[in-house]
1. Considering only the other residues whose Cβ falls under 15 Å of the Cβ of Gly90, what net charge follows from Lys and Arg at +1 and Asp and Glu at -1?
2. I need two numbers for the chain: Rg to one decimal and Dmax as a whole number, Cα atoms only, in Å.
3. For the range 151-269, what is the accessible area per residue in Å², given a 1.4 Å probe and the full set of protein chains?
4. Tell me the per residue accessible area of the range 298-340 using a 1.4 Å probe; a whole number in Å² is fine.
5. Set the Förster distance to 25 Å, then compute FRET efficiency between His42 and Ala8 from the Cβ-Cβ distance, nearest 0.05.
6. First select every other residue whose beta carbon is under 13 angstrom from the beta carbon of Gly25; then total the charges, Lys and Arg +1, Asp and Glu -1.
7. If you add up the charges near Ser283, with Lys and Arg at +1 and Asp and Glu at -1, over every other residue whose beta carbon is less than 9 angstrom from its beta carbon, what do you get?
8. Any chance you could give the angle, 0 to 90 degrees and rounded to 10, that helix 171-182 forms with the longest Cα principal axis of the chain?
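The values are calculated or read from the model by the stated rules, or taken from the named source; none is laboratory data. This structure is a prediction, so every number in the text was calculated from the model and none was measured. Neighbour counts are summed over all protein chains in view; Cβ atoms, including those assigned to glycine, are modelled from backbone coordinates with ideal geometry. The area values use the complete protein model at the heavy-atom level, side chains included, leaving out ligands, DNA and RNA. Shrake-Rupley method; radii C 1.70, N 1.55, O 1.52, S 1.80 Å.
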Amino acid sequence: MKAFQVSAPLNYRITEIDLPEAAPGEVLVRVAFAGICGSDMHIIHGDNAFVRFPRITGHEFAGITEAVGEGVEGLAIGDKVCIDPVISCGDCYPCRIGRPNVCSALEVIGVHRNGGFEERVAVPAANVHRLPEGLGLDAAALVEPYSIAANVLDRMQPLPGDRLLILGAGVIGLTILQMARALGLEEIIVSDVLDTRLATARELGATHTVNGRHEDLEARVSELTGGEGVPLIADAACVPALLPAMLRLASPAGRIGLLGFNPTPSDLVQLEVIKKELTLVGSRLNNRKFPEVLERMASGRLDPLALVSHRLPFDAMPDAIDMLDHHPERARKVLIEIDA
Ligand code: MN
């Protein structure tokens, strides 16, 4: 069968490998669609400290169960499913307190073990979610990026009527925007440096957009909030240099959700945090958010296909990577048809 294998940084190709088998407790999934994520690009570039090569990447995928391993209950051959990539141990401190997405022995499908860019993948049954009636496999391949949005919003504890500022209108920024609207937040400001992305954000319901390259974001937010600042800030721009500005943009008692996997230090003024009693929260992957996202998708409150800019056949995957490397502004979510 075909698989997209990264053998070393910048060394990748579609190759033939043996068909995997479903071990006890696992399910074999025929992958229909898989989305390319920024983190796949980091792995391809060798910028992910957790990955060991060779690796078949892909953590955003959906398909049909083709075999069910020994001891698996509640799943049958032919089920339409999508896969939560977070594998946790269940025993460590974070797992014991209900935070398995930061498990001490965390493994991520598509990072620590082989993922969805292959025609068949064996995954733990515990990570498999059956699709609600009527939800397409293409949309379901995008549950994972929405789970990121659901997680960061949960970490930020929004209250009814809270204003939200989203930094970055890439795919993750847009999933946060859609999820925030589904949660009932009404005033959502989105900033980015690309007008095309901001236009998409407005189409998807942003009430205000700010191009940080041409406008003074702090002045604009101050004006929009009557000088109060925003209680909720979600950082989907992942530029550490923006952290000091976030402290200034936040209202007193504000919550700032950080998503970027960026090792660069930033200057953080402790006084700003204390004075306003800000809450800074990290958000990693998702803490069992797949059921919530699936329900919101099935009820039509999220529009995942609006994020898809390209649908490409599996063989075109190297070209897709080339495009994302050289013309990222041309793409939103690239969906690969693996064995649809
Ligand atoms: Mn992703």
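1. Taking every other residue near Gly90 into account, the sum is 0.
2. For the chain, the Cα-based Rg and Dmax read 20.0, 62 Å.
3. I get 43 Å² per residue for this part.
4. Using a 1.4 Å probe on heavy atoms only, each residue of the range 298-340 averages 49 Å².
5. Taking R0 as 25 Å, the efficiency between His42 and Ala8 is 0.95.
6. My count for the surroundings of Gly25 gives -4.
7. It works out to a net charge of +1.
8. 70 degrees
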